[in-house]
Amino acid sequence: MDEVLIQAVSLFGSLLILSAFIAAQLRRMQPSDRAYIVLNLVGSGLLAAVAIIERQWGFLLLEGVWALVSGWSLVQLVRGKPPGAVGH
């Protein structure tokens, strides 16, 4: 894959995650907000894809788990449960 495209995808994914983080720090968004979770899911998913392409296994572990946790939180939210809810 073209190095410029990989860098662009990496930067975009990072900006998505950082925008959610900054918004939460400024109290403009809560970690339980759908937008926060989606920004983290898409951003970490993009970074995980780049890690696969670049064969960066430690980075894949970090971003892959981040994407899985964000995905699980989004599923919980869609089901009407607060993110992080366990059980019933």
Treating the angle as unsigned and between 0 and 90°, give the value, to the nearest 10°, between the Cα long axis of helix 57-78 and the longest Cα principal axis of the chain.
30 degrees
Sorted by Cβ neighbour density within 10 Å, fewest at the top, the residues GLU63, GLU54, GLU3
GLU3, GLU54, GLU63
Connecting every pair of Cα atoms under 10 Å apart in the chain and solving the GNM, the largest mean-square fluctuation among VAL50, VAL75, VAL38 falls on VAL75
With contacts defined as alpha carbon pairs under 8 Å and 6 or more residues apart, what's the relative contact order of the stretch 3-78 in percent?
31 percent
Would you mind getting the Kirkwood hydrodynamic radius of the chain from its Cα pairs, rounded to one decimal in Å?
13.5 Å
Crossing angle, helix 3-25 versus the chain [Cα axis fit, 0-90 degrees, rounded to tens]
30 degrees
Who wins for biggest fluctuation among LEU16, LEU68, LEU39 in a Gaussian network model of the chain, springs between alpha carbons below 10 Å?
LEU68
Order by neighbour count: ILE52, ILE17, fewest other Cβ atoms within 10 Å first, most last.
ILE52, ILE17
Residue-normalised 222 nm signal for the chain, counting each DSSP H run of n ≥ 4 as -39,500 (n - 2.57), nearest 500 deg cm²/dmol, is -26000 deg cm²/dmol
Nearest 10 degrees, 0 to 90: helix 34-54 Cα axis against the chain principal axis
30 degrees
Averaged over all viewing directions, the convex hull of the alpha carbons in the stretch 16-61 casts a projected area in nm² of 3.2 nm²
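Only the coordinates and a few stated rules stand behind these numbers; no lab work does. Treat the numbers as computed from the prediction; the structure is a model and nothing was measured. Here Cβ is always computed from backbone atoms with ideal geometry, including for glycine, and neighbour counts include all displayed protein chains.
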